[in-house]
Each structure stands twice: as C-alpha cells, then as structure tokens.
Amino acid sequence: GAERSGAMAAAWPELEAAARERRRELALAGPAVAERVAAGGGRLPPELLELRLLQSLELSGCAALRELGPGLAAALPALHTLVLRGNALGPAGLGAGLGGPLPALRLLDLSGNGLEALPAALGGVAEPAPAGPAAFPQLRSLNLSGNRLRELGPGLAHAAPQLQDLLLSGNRLRTLPGGLLPPGAATAAGPGGPFQLLSRLEAADNEVEELGADIAALPALKSLDVANNQLRELPAALADCPRLKEANFRGNQLKDKRLEKMVNGCQMKAILEYLRAGGRGKGKGESAREEARKKKREKQQKKDSGDGEQDELEEASKLLVKVLHISENPAPLAVKASSGVKDVRPFIVCCVLKGVNLKPGNALKRFLSAQTKLHEDICEKRTAATIATHDLQLIKAPLTYDVQPPDELKITPLGRKEIKAKDLLCQLQLEAEEQRKQKKRQNVSGLHRYLQLLDGKDNYPCLVDAEGVVISFPPITNSEKTKIRKDTRDLFLEVTSDTSLQICKDVMDALILKIAELNRLTLENKEDSGSDDETDALCGPGNLNPSQNAQRVNVPLVVEQVRVVDTDGNLKVLYPSKTDLSTVASLLTVIR
C-alpha cells in the first residue's frame, strides 16, 4: 500500500492531500491536471473514487477528459455538487460514471462538453421509459449549455423530479419543451405531472423554431429565455403559465411586428395580455395604448394652458442618454475580433460613454463600488460576464480583441507592475488561497471561481490597442495604462463573456443605467471637488455660473455606438443597436 500511495502522491498530490485532510471539496482544473488526465488515457485517476467524504467535486477545462470511469456515483454517495464544465465528455464517457444514483446531488454542471446526446442516466432520447426510483432525486440545477444537443428525452423528468433550473443555452435544439415532456402533457398538467418545480428554463442561442403549447404544462415556470432562436410566433398558451414573470424572446424573427415591439421593450405583462387576446383585437395591450395616448393629449393641453410645470419637472427628473450613431460619428471606434477568441471567450460588446463627471467628492469611489456590485450580482461573481472600464483619452485606437499564450501575454494590472499573464494568475491563486486560510474557509472564494475560468486554456483573451499594449485581460483585470481617474470625462466600456452575447448586452445596459444614475447624483449633490480648480468639471465647457447649474443636471450622457468586426471586416455586433437599452427603458430615456 505504501508504495502505491507514494506513486499517487507523485502523480496526484491534490488527491493525496484531500484524503489526508478529509476534505469535503475538491476542484481540479488547469493545464497540469489536463496533462495528467491525458497521460492516464483521458480517464480520471482511480484514487479519486476513494475520497468517499467528497461533497463537492469540480473538474473543468480539461479537453483530454473523455470518460468519468465506472463507479463514480457508487463511490461518492455524498456528492451534492458536481461540476464537469468544459471537458470532452461524451454520453458514453459520462454514462459509466453517472450510472448509479447520486441521492444527494443538487447541482450538476455539464456545460461546454460538446455532448450530442444525454447519457442514459439523464434520460437520453433513445432510452426506454425508465422505471424504478429516480437517479437524482435531489437535483435542483442542471446546466447543459454550450453542448451540441439536438433533442431531449422525457426520461429527464423521471431522473430529476425536483429540478428547478434547466440551462440549455448554446445547443442545437429545434423545439421546446419538445421531447422533455411526454406527449399529451399539455392536457395532463396538474399535480403529479412532470417538472412540477421547474422555475427557470434557459434555451437562448439554439435553433428553436417552435415553442410548443405544452410550455403551459410547467406549473412553476417563472423565467423563460429563448433569445436568439428562430421563432416565428409565440404560442397563446404562454398566457396560461400561471407563474411566468420574466421572459426573453429577443433576437427571433417574429412575424407579428407589434408583438416584436413589445418583446424588444420587455413588456412582459403586455405580451401575455396580447397573446391571451389571441394576438389581435382589443386586448388589454390595446386599451393601455389608448390610455397612454389620452394621457399624452391631456398633458399637451395642460402645457398649452401653462399648467405643465409638474410634468416638466417629472420629465426633467428622467435620466437621459443620447445615442450617437456610427453614421453621425466622424471617428467611430471599432474593435476587431480575431478568430482565436471563439475557443476562449467568444463574446464582447463595447461602447463609448461621454460626459461623465467623476471629480467631486466620492464620485469616483461610488463609480468603482457600483462596478464591483454589478460584478457580484448580474455578472454572477464574474463567471457569467466581466466588465472593464477605461479612460477613452488614454486609448490608442483601433483595438483588437485577440488571444495570446499565457507566457507571452504581458499586462500592467491595476496597481501592479508589468507581469506575464501566467505569473499573474499564479500570484492571484496564492493570494486567494492565503485569503481562504485566513478566513479558515473550506470553500472556494469568488476570486478562485473566476480564476478557474481560464483553466486548461492554451491561450488567454486580451484587448490590445494600436501600439500593441494589452489594456484588458478578461476576466482577470484591466490595465493601469487606461485606468479611470477623477478627471476622466469619457469612458470606453467593454463587457466580455464565455456564455452568450445576450448577457454582455444585458450587463452593458445595466452598467450604462448605473453610470447615468451616479452621474446625476453627483451633479445634484454638488459635492466639493477637492481641487482648487475653480472652473470645475461640474460646469463643463464654458464654466457656467451656479445658477445655470440646474440646467446642467439634465444634459444627457452621450453613448457612441461601437462596432465589433471579424478579421475580414464583417460586422459581428453593434452596440447599442435599436433593441439595446430596452431592458432599462422604464428608468432611462434614450434619445436615438
């Protein structure tokens, strides 16, 4: 035995340490792990199956990993979290490992594996209807995004009866719910039907041509995302989903233009009313529109009779943003994306925001902490998307979104000296580990999580300026070179993601809204700028006197459209396009 454990320690020190320390959590990722898995023939080391106390296991970013090996489920009965993201596991390779039940498993992440079918344990399409107890009785969240699934089988409902979140974005599904529900489910909805608890269904970026009426057979469905598919119409049955609160249908080819308008404006209530009224006639959407017109007319009359002061004030309190179109911009900024990014971090959205005021008091501090909060919340601790903000004046255009090997990519991170990306990650990993020890935490910190996003990648993503300087290394850091300071007026904003283009746009919408809110707060507070400079940025050009300051409050920020093109100059994305910023339309007036 001693000889064997000696050999194991040499090859897999992590496993030996986990056994010795009786660990409950283990995360294996990165190039070193990938090399050892490849050397082992694309399989996991058998010693892993001896860690019976494991409750959370992550093995990600390992392109060599083709099979889990038999008996994983039987050997690790306590697992509640199993993350197998970004490997090369096929249905057969998964099948053996997930062959037995995992009674405690609550989260299973199989995203980014190139799966063309589900393993038998998850009710693959070709499988006979399962009998006997559920294989995953406690499973709450299943992430299958970024695979190549064309259809799903009804066996999943049997295998995971408690499922709440089902993530299917970035596959090749044609219909939804499709094979997930047995035939006739639409009529048989009610207690005892499949997926009684499913509340979140995400299937953006597929090839969905049909959203079936049986969607109404999901009694708990609260959130539905089918953005960027090939839907031509929406079923009236959506109006029968009792709990549906939010849905994203953008980026489809809806035939009904009125419906499309509502979809782009995210008017959930109006959409459901419209569908309920059979998509025509005087649904409530219609009468609401009449109501709005009437109000507008009354407002106009009030104004004409000089009674419009209150309305004027309300109008003035709205946040304003003006969009400067590419066609009106003498020197529009463009970003060229190289083909290499699609395997590393494919999605990027950028824009320019002019007229920000960060000089007074704590304005800059508030700006930076707002960005941190967005990273925590909407960006899911940076794992879904990452924001970088730059001082536009310090950027030398044109920009290239590219990839470079870890030991060639050099950056001067915020508050540090120039360093190679590979060394920076090692440094941050050590710091994260140190942090964990100080707090005596067993689990993985937010910092650990986003460091793992690059595990196993041969190249790292970076945004490079015209002089070849790396100004951003997502999702890790941006550069000291383009850092925002108190006297920054114009910003270059970028959002990147390895998940989807839509999340980049949603985060960018939220970021612009937040900056507009902070900017108005700053202007209204008239804090002392902490500088002896009398011609304060508050008054902007022309140095207005204080009595004119009130009018400065509502000068709109200007958002300049930025194009992202491929190496041949073909447009990949333009932000903000007509449909962008619609998620925040109730709080932000966009002048286009």
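The values are calculated or read from the model by the stated rules, or taken from the named source; none is laboratory data. Treat the numbers as computed from the prediction; the structure is a model and nothing was measured. Please note: Cβ atoms are built from the backbone with ideal geometry, for glycine as well, and neighbour counts cover all protein chains shown. Heavy atoms of the whole protein, side chains included, go into the accessibility calculation; ligands, DNA and RNA do not. Shrake-Rupley method; radii C 1.70, N 1.55, O 1.52, S 1.80 Å.
Out of E25, E67, E35, one residue alone is at pLDDT below 90, in the same structural domain as G114 (by the TED database) and more than 24 Å from L149 (Cβ to Cβ). It is E35.
So which residues in region 507-523 are out of contact with any helix residue (DSSP H, G or I) (no Cβ under 6 Å at 6 or more places or on another chain) and open to solvent by 40 Å² or more (accessible area, probe 1.4 Å), if there are any at all? Passing the criteria: E517, R520, L521.
Conditions (1) surrounded by fewer than 18 Cβ atoms within 10 Å (Cβ to Cβ); (2) small (G, A, S); (3) not in a helix (DSSP H, G or I), marked per residue:
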residue	(1), (2), (3)
K381	yes, no, yes
T389	no, no, yes
K396	yes, no, yes
Q427	yes, no, no
R436	yes, no, no
L451	no, no, no
L463	no, no, yes
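Within region 119-138, the presence of a residue that is under 30 Å from G456 (Cα atoms) and within 25 Å of the chain's Cα centre (by Cα) is excluded.
Contact annotation: residue pairs with Cβ atoms under 9 Å, 6 or more positions apart or on different chains, pairing a residue in region 518-533 that is at positive phi with a partner that is modelled with pLDDT of 50 or more and of a type outside the set (A, V, I, L, M, F, W, C), are K526/P360; G530/K359; G530/P360; G530/G361; G530/K486. Could you grab the pairs with beta carbons closer than 9 Å, sequence gap of 6+ or different chains, first residue in region 29-40 and within 10 Å of A63 (Cα to Cα), second one basic (K, R) and not in a helix (DSSP H, G or I)? Matching pairs, first to second residue: P31/K457; V37/R43; V37/R66.
Yes/no per residue for (1) modelled with pLDDT of 90 or more; (2) charged (D, E, K, R); (3) in the same structural domain as G90 (by the TED database):
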position	(1), (2), (3)
L107	yes, no, yes
E116	no, yes, yes
P133	no, no, yes
Q138	yes, no, yes
P154	no, no, yes
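What number of residues within region 330-356 satisfy the criterion of being surrounded by 21 or more Cβ atoms within 10 Å (Cβ to Cβ) and either among the basic types (K, R) or not assigned by the TED database to the domain that holds R382 (or both)? Residues meeting the conditions: 1. From the list L76, L89, the lone residue that is surrounded by 20 or more Cβ atoms within 10 Å (Cβ to Cβ) and over 27 Å from S500 (Cα atoms) is L76.
For the residues S547, S531, S586, the requirement of being surrounded by fewer than 20 Cβ atoms within 10 Å (Cβ to Cβ), assigned to a loop (DSSP other than H, G, I, E, B), over 25 Å from the mean Cα position of the chain (by Cα) and modelled with pLDDT under 90 singles out S531. Of the residues examined, A29 is not one that is touching a Pro at 6+ places or on another chain (Cβ under 9 Å) and either surrounded by 15 or more Cβ atoms within 10 Å (Cβ to Cβ) or on the phi > 0 side of the Ramachandran plot (or both). Only residues that are touching a Gly at 6+ places or on another chain (Cβ under 8 Å) and buried (at least 20 other Cβ atoms within 10 Å of the Cβ) were counted in region 360-379, giving 1. Filtering region 229-238 to residues that are open to solvent by less than 10 Å² (accessible area, probe 1.4 Å) and either small (G, A, S) or within 12 Å of D214 (Cα to Cα) (or both) leaves only L238.
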